[in-house]
Amino acid sequence: MKTENLERYLNSFAKQVVKESKDILRTKKGSTSLADSIRAVVSDDSNGFSVKFYMADYGTFVDKGVSGNQNPISYSDGTKTKSSPYKYTTKGPPIDILSKWIKKKGIQPKGLGRGRSKKTGQFISGFAYLISRKIKREGIKSLSFFSRPLGINYKDLKNNLLKKYSKDIQTYLTTFTK
């Protein structure tokens, strides 16, 4: 039996979630490589259809946030607020990664940096350590850039899925009886 209406609807659902996720990320973070990495694949196999979403590995931490060791973080799935499943306990974010980020962004705290050697990187690694310590304590705020659009669109999907499938059944029965 052909299920064109159902497949078309699932593709439209996946595209909508991806579009809204990218829009939220670009609005809150500017143009990011994370937004560019988001995609969805709808496939048909022997068990029916599946919709799979993909993004850069760190996307789930940006989406759901990471609780600090002194500050719990929560995220929204569009219907309710949930606690982040991720938490800093013994370690903070890696200092070398934060150092690269600081250099890339050209961040410099007020009043510091004068008379410091830019070649040694000592200033940047010390600054990265302070940022890492704060992130470990406070956590990383959730953007719910993926969870919210998925939750809201999934609610609509559940309500409309049967309608789309019934159109396919009607088309099949009409074709079968001719």
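Every number in this text was worked out from the coordinates using simple rules, so none of it is lab data. None of these values were measured; they are calculated from a predicted model. Cβ placement follows ideal geometry from the backbone for every residue including glycine, while neighbour counts extend to all protein chains displayed.
Things to note:
- Residues F145, F127, arranged from fewest to most other Cβ atoms within 10 angstrom of their Cβ, appear as F127, F145.
- Members of K22/K136; K103/K136; K19/K155; K100/K134; K19/K134 lying beyond 23 Å, as alpha-carbon distances in this model show: K22/K136; K19/K134
- Dividing the alpha-carbon radius of gyration of the stretch 5-65 by the rule-of-thumb value 2.2 N^0.38 Å gives 1.24.
- Between S125 and S43, the FRET efficiency estimated from the beta carbon spacing at R0 = 41 angstrom works out to 0.35.
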